[in-house]
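Here's the structure, in structure tokens; my notes come after.
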């Protein structure tokens with residue numbers, strides 16, 4: 001995983017249009033590398049977005065992000081590059097237990113959960129949400145934390161028609177490395193093996209499907 005310092009010096013700041021929140025780097029890293037990160041999802045999984053048993057546009061957007069990042073592991077995903085895994089599935093751990101695992105294994109990547117939160121982002125979101133670290137890392141908690149990142153990306157102005165879809169998509173790509181920006185590549189392409197796990201055309205088509213149907 002690329003270090004925080006490396007990101008700050010080599011990559012553009014995340015969501016520069018949202019100055020009220022400081023970002024410490026992307027919230028997750030997906031793709032393949034020699035260290036073994038998440039492999040791209042099966043294209044059939046991406047094409048089946050409408051078949052997910054969820055309601056609401058925001059939930060469907062979360063599904064799209066999760067498909068690009070966590071694959072079939074979903075809420076219990078742990079980055080493949082982590083040689084020492086947590087003692088139990090992430091959803092069975094408390095946030096503090098996840099912190100303890102991170103602290104005990106400093107030399108490996110720690111992206112975790114359906115949205116592959118990296119440690120600095122996870123800690124910031126937990127503080128921002130006012131969640132007690134003794135709280136279990138449930139799907140509901142993970143969705144709540146992801147929604148803060150969606151807000152960071154400009155979800156409200158996008159839904160209000162005050163932000164163009166392309167701008168919102170580029171903002172999402174600055175947070176989730178498995179999503180492409182309008183160049184067709186991950187915003188963090190090449191860092192720690194990161195690359196987009198879907199094409200821009202597919203990403204755009206799914207966004208149109210979610211938010212105009």
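Restricting 115, 75 to residues that are in a loop (DSSP other than H, G, I, E, B) and closer than 25 Å to residue 61 by Cβ narrows the list to 115. Summed over the stretch 167-194, residues that are more than 17 Å from residue 60 (Cα to Cα) and either free of Cβ contacts under 8 Å to residues at least 24 places away in the same chain or within 13 Å of the chain's Cα centre (by Cα) (or both) total 17. Checking each residue in the stretch 78-96 for being touching a strand residue (DSSP E or B) at 6+ places or on another chain (Cβ under 9 Å) and either more than 20 Å from residue 140 (Cβ to Cβ) or outside any strand (DSSP E or B) (or both) picks out 79, 82, 85, 86, 89, 90, 91, 92, 93, 95. The condition of being more than 29 Å from residue 200 (Cβ to Cβ), modelled with pLDDT under 95 and crowded, with 18+ Cβ neighbours inside 10 Å holds for only one of 90, 106, 86, that being 86.
Among the residues of the stretch 97-112, those identified as part of a helix (DSSP H, G or I) and under 20 Å from the mean Cα position of the chain (by Cα) are 98, 99, 101, 102. When 60, 50, 124 are checked against the criterion of being under 26 Å from residue 186 (Cβ atoms), in contact with a helix residue (DSSP H, G or I) (Cβ under 6 Å, 6 or more places away or on another chain) and either modelled with pLDDT of 95 or more or assigned to a helix (DSSP H, G or I) (or both), a single residue qualifies: 60.
All conditions in (1) under 30 Å from residue 201 (Cα atoms); (2) out of contact with any helix residue (DSSP H, G or I) (no Cβ under 7 Å at 6 or more places or on another chain); (3) touching a residue at least 60 places away in the same chain (Cβ under 8 Å); (4) surrounded by fewer than 20 Cβ atoms within 10 Å (Cβ to Cβ) hold for residue 68, with the sole exception of (4).
Count of the stretch 138-195 residues, restricted to those that are surrounded by fewer than 21 Cβ atoms within 10 Å (Cβ to Cβ) and in contact with a strand residue (DSSP E or B) (Cβ under 6 Å, 6 or more places away or on another chain), is 1.
A Cβ distance below 6 Å, combined with a sequence gap of six or more or placement on separate chains, defines the contacts here; from the stretch 120-144, residues that are closer than 15 Å to residue 76 by Cα reach residues that are assigned to a loop (DSSP other than H, G, I, E, B) in the pairs 137/93; 142/113; 142/114. Scanning the stretch 79-114 for residues that are without any contact (Cβ under 8 Å) to a residue 12 or more places away in the chain and within 20 Å of residue 65 (Cβ to Cβ) yields nothing. Across the stretch 127-137, what is the number of residues that are outside any loop (DSSP other than H, G, I, E, B) and in contact with a strand residue (DSSP E or B) (Cβ under 7 Å, 6 or more places away or on another chain)? Qualifying residue count, the stretch 127-137: 1.
The values are calculated or read from the model by the stated rules, or taken from the named source; none is laboratory data. Here the structure is a predicted model, which is why all the values come from computation and not from measurement. Cβ: placed from backbone, ideal geometry, glycine included. Neighbour counts: every protein chain shown.
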